[in-house]
Amino acid sequence: MSTHSTPHLQHEDVEELLPAYLRGQLSSELQRAVQEHIAHCQQCFLKHQEADKVSQLIQQPPAELEHILTGSRKAENIQRVLAQLASEPSQTDKPKFYQFLVRPFLYWINAYRQAAMSLKMTVAVQFCLLIVAAVVLSQSYMSTDVNLQQSGAVEYRTLSNMPVDLGGKVVDSTRLRVIFEPTTSEQDMRAQLLPLNASVIDGPSDIGVYTIAIPKTVSVGESIKQLRASTSILLVEEAVYQ
Amino acid sequence: MTEALNSQAKARDEQQRGLLAEIAKGSKPAFVELYEQVYTSLIRFLYRFTRSTENIEEIANDTMLVVWQKAATFQGQSRISTWIMGIAMRRALKYLEKEKTVLGSRNGYGDEHVTCATDEIATLGLQQTLDWALAQLSREHSVTIELAYFHGLSCEEIACVFDCPVSTAKTRLHYARKHLRELFDHGSEPLNFANLVGGRHDVNS
């Protein structure tokens, strides 16, 4: 005998099916498949023999049970249960509310119990995903925040065109963006701005841009021309956002 | 779970489903018939589970009372007999917990030491030898052997009775066989009942 398996069943399948096979409880296809397998497999044939012996021996009830399994004892026990049932309302005796309310309720409870495990698993997985998402998002936000703080990029600037205080006098003004030569001193800057009655109201930004305000009374075009003529100024533009 | 059954087993289950449907409507004759049909299986199962004849009739009656009460809730996902065994197991467990009569310390999963049957079986008959051997196994293992070899239940059905994963039922069946083998043959050969048969007949004759 060789130790090959049939196309349908593996050795472990056969071993599992042997008890039901020996009791003749398998479907005809499975019964045949097991039979064919053990006819060609020495290993499973031995297991079949072993299972057959256990199966035959176990059919006899244990000696201790013989008196309980007698017909009269069986009848006594059945009568005992029937007597207990007599004190219990039968299914049909139960009130109408039971039939229409309690029974459907029990049915749904039962259905819920069966679905409960999969539901619980789904909820648990969703909960875990939510926790993970929350942790990831908060960490990402915190790291962004730290980076921004470290780079100093979080800086909001007011771009309104509200009247500003120019030389102790609140006047309507026009904004210009100006970039000075990096070597320009504060004194030079003042010297450039004073003739125009202009004041630095913001800056320098990260890229060295100053916002200056010039009174509306002064010509913007002229001011720009004058500033551009200066060698210590690299760029002058009227602010798009006043 | 009943696809692998033959027509006879299916027919029996169908007939028992019919009886249960009648019981759900309050039919006592159907109840009596069902109890008569499952009585032996139930008693044997409870005996293997509790390892005692004490109170097994009470637990069996208790089980059938539950069957009477819950007949309408049967979902049809297993054989009727498997469903009843499951109820019986829960009732028996409840009883054992209540009475604290867990027999000895053999309530594990079969990894306790087992001894060779050589000396003990010399004084026993073949039938008693198997009973003795089953009593050496853990409760789960001896019940698994009973369910598989007497009732012909598949691993899926055994799992249903124990309310455990199928893989657990398979493992239990595997180790139950292994321990049974060890009891007789020191684990080296498959159960060698052939030799025992001669010995037992000699002893008994």
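Could you run the numbers on buried accessible area between B and A, total for both chains, 1.4 angstrom probe, in Å² to the nearest 100? Don't skip to the answer; put the middle values down first.
Values: alone 11170 and 18270 Å², together 24590 Å².
The B and A chains share an interface burying roughly 4800 Å².
Students often get this wrong: which residues of the range A:196-216 have the backbone nitrogen under 15 Å from the point 7 angstrom along Cα-to-C-beta of A:Asp172?
Backbone N within reach: A:214-216.
Taking each residue in A:58-68, count the Cβ atoms of any other chain within 10 Å of its Cβ, then average. What number comes out?
6
Above 20 Å lies some portion of the pair distances; for the range A:164-238, what is it as a whole percent of all C-alpha pairs?
21 percent
Shielding of A:23-32 by partners, i.e. mean partner chain Cβ atoms within 10 Å per residue?
Taking all residues of A:23-32 together, the mean is 5.
Per-residue mean of other chain beta-carbon atoms within 10 angstrom of the beta-carbon, peptide A:37-48?
On the way: counts 0, 0, 0, 0, 0, 0, 1, 0, 0, 3, 3, 1.
Rounded to a whole number, the mean comes out at 1.
Choose one of A:Gly203, A:Ile233, A:Ser185: the residue whose Cα lies farthest towards the positive end of the charge dipole of the range A:170-234 (beta-carbon charges +1 Lys, Arg; -1 Asp, Glu; about the Cα centre).
Of the options given, the answer is A:Ile233.
When ligands, DNA and RNA are left out and all protein chains stay put, how many square angstrom of accessible area per residue does the range B:7-99 have with a 1.4 Å probe?
On the way: 3730 Å² over 93 residues.
Roughly 40 Å² per residue, with all protein chains present.
Accessible area, 1.4 Å probe, largest first: how do A:Asp52, A:Asp188, B:Asp13, B:Asp163 sort?
Accessible-area ranking of A:Asp52, A:Asp188, B:Asp13, B:Asp163, largest first: B:Asp163, A:Asp188, A:Asp52, B:Asp13.
Averaging over every viewing direction, what projected area does the convex hull of the Cα atoms of the range B:10-82 cover, in nm²?
Dividing the Cα hull surface by four gives the mean projection, 4.7 nm².
Just to verify a number: FRET efficiency for B:Lys25 and B:Trp132, C-beta to C-beta distance, R0 = 60 Å, to 0.05?
Values: r = 46 Å, r/R0 = 0.76.
My answer for the efficiency is 0.85.
Given the range A:11-59, report the % of alpha carbon pairs whose separation exceeds 14 Å.
Here the long-distance tail beyond 14 Å is 43 percent of all Cα pairs in the range A:11-59.
Are there any residues in the range B:37-58 with a reduction of at least 50 Å² in accessible surface when going from the isolated chain to the assembly of protein chains? Probe 1.4 Å, please list them by number.
B:Tyr39, B:Arg44, B:Tyr47, B:Thr53, B:Glu57
For the range A:119-144 and the range A:49-88, write down the distance between their C-alpha centroids in whole Å.
Between the Cα centre of the range A:119-144 and that of the range A:49-88, the gap is 56 Å.
Using 0.36 nm times the number of residues separating A:Val125 and A:Arg80, minus their current alpha carbon distance, what extension gain do you get?
Additional length available on full extension: 11.2 nm.
The values are calculated or read from the model by the stated rules, or taken from the named source; none is laboratory data. From a predicted model like this one, the values you see are computed outputs, not experimental measurements. Cβ sites come from the backbone with ideal geometry, for glycine too, and all protein chains shown count toward neighbours. Remember, those area values only see protein heavy atoms, side chains included, never the ligands or the DNA or RNA. Shrake-Rupley method; radii C 1.70, N 1.55, O 1.52, S 1.80 Å.
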